[in-house]
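Read-outs throughout are calculated quantities, based only on the coordinates presented, and are distinct from any laboratory measurement. Since the structure is predicted, the reported quantities are computational estimates derived from the model, not experimental observations. FYI the Cβ positions are ideal-geometry reconstructions off the backbone, even for glycines, and counts take in every protein chain you see.
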Amino acid sequence: MRVLALTHGPSVGPGVFEDVIRDGGHELVEWQVPLRGAPDGKADAVIVLGGGMHPDEEDQHGWLRPELEYLGGLLERDTPVLGVCLGSQLLARAAGASVFRSPVPEVGWLPVELTEAAATDPVAASLPERFDAFQWHHYTHELPADAVELARSRVCTQAFRLERAWGVQFHPEVRAAQVQAWLAEEPADVADPRGLLASTRVRIDAWNDLGRGLCAAFLAAV
């Protein structure tokens with residue numbers, strides 16, 4: 001199976017998802033959208049990762065509009081998609097939902113709870129009913145029409161499914177090195193960087209296991 005990973009910067013790659021995809025014998029193709037524009041090849045599944053930009057900034061980032069059109073095409077063709085953070089926001093927008101600045105930014109380890117619908121979802125059912133998730137976002141989105149909400153925090157929707165497309169607002173893919181890179185890139189986002197790093201060192205192994213399980217469930221659903 002050919003899995004296409006859309007990235008939006010050098011420090012926001014597929015993380016532990018790469019392990020699961022390659023260990024499963026699949027082909028992983030990373031595609032840097034800001035450098036190459038929207039993809040022009042076919043894929044059996046697409047993972048849309050995060051980025052430091054926001055989902056409504058097409059005036060600053062000319063590649064955003066073509067990517068949104070590409071994602072809309074994936075939805076129309078029922079291609080399996082998994083969106084992460086910015087990727088989830090772009091997926092929701094491509095499906096016609098509004099995106100907007102979150103009333104409260106979520107950065108760090110924050111609680112998430114599954115909805116009842118998650119119990120029968122082939123991807124979300126891999127997650128615990130309640131867990132602390134690694135988050136780093138300033139935007140959120142409405143639930144697309146006909147979508148099912150799978151998880152929430154006290155602030156916003158954290159996961160949804162629309163046919164064969166899934167979006168998660170948190171970062172199940174992130175490795176410890178990526179957290180360090182993001183802190184270096186956006187130090188003003190975190191009030192206590194040392195505390196966040198200390199918490200990450202304690203939590204990251206279990207979190208990476210969760211991320212691998214989520215990616216494996218997505219691939220199995222494909």
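How much mean residue ellipticity at 222 nm does the chain get from its helices, if each DSSP H run of length 4 or more adds -39500 (n - 2.57) and you divide by all residues, to the nearest 500 deg cm²/dmol? Intermediate values should be presented prior to the final figure.
Details: 6 runs with 74 residues, N = 222.
Here the helix-only value at 222 nm equals -10500 deg cm²/dmol.
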Could you work out, for the stretch 98-222, what percent of all Cα-Cα pairs fall into each 10 Å distance bin, beginning at 0 Å and stopping at the bin that holds the largest distance?
12, 43, 34, 10, 0
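With a ≥ b ≥ c the root eigenvalues of the C-alpha gyration tensor of the chain, is it rounded (a/c under 1.5), prolate (a/b larger than b/c) or oblate?
Numbers: a/c = 1.24, a/b = 1.16, b/c = 1.07.
Taking the square roots of the gyration eigenvalues as a ≥ b ≥ c, the chain is rounded.
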Could you put F218, F160 in order, starting from the residue whose Cβ has the fewest other Cβ atoms within 10 Å?
F218, F160
Counted neighbours (other Cβ, 10 Å), sorted fewest up, put L91, L143 in the order L143, L91
To check you understand DSSP bridge types, tell me what percent of the beta bridges within the chain (both residues inside) are antiparallel, rounded to 5.
55
More than 13 angstrom separation, counting every C-alpha pair in the stretch 46-118; what % is that?
71
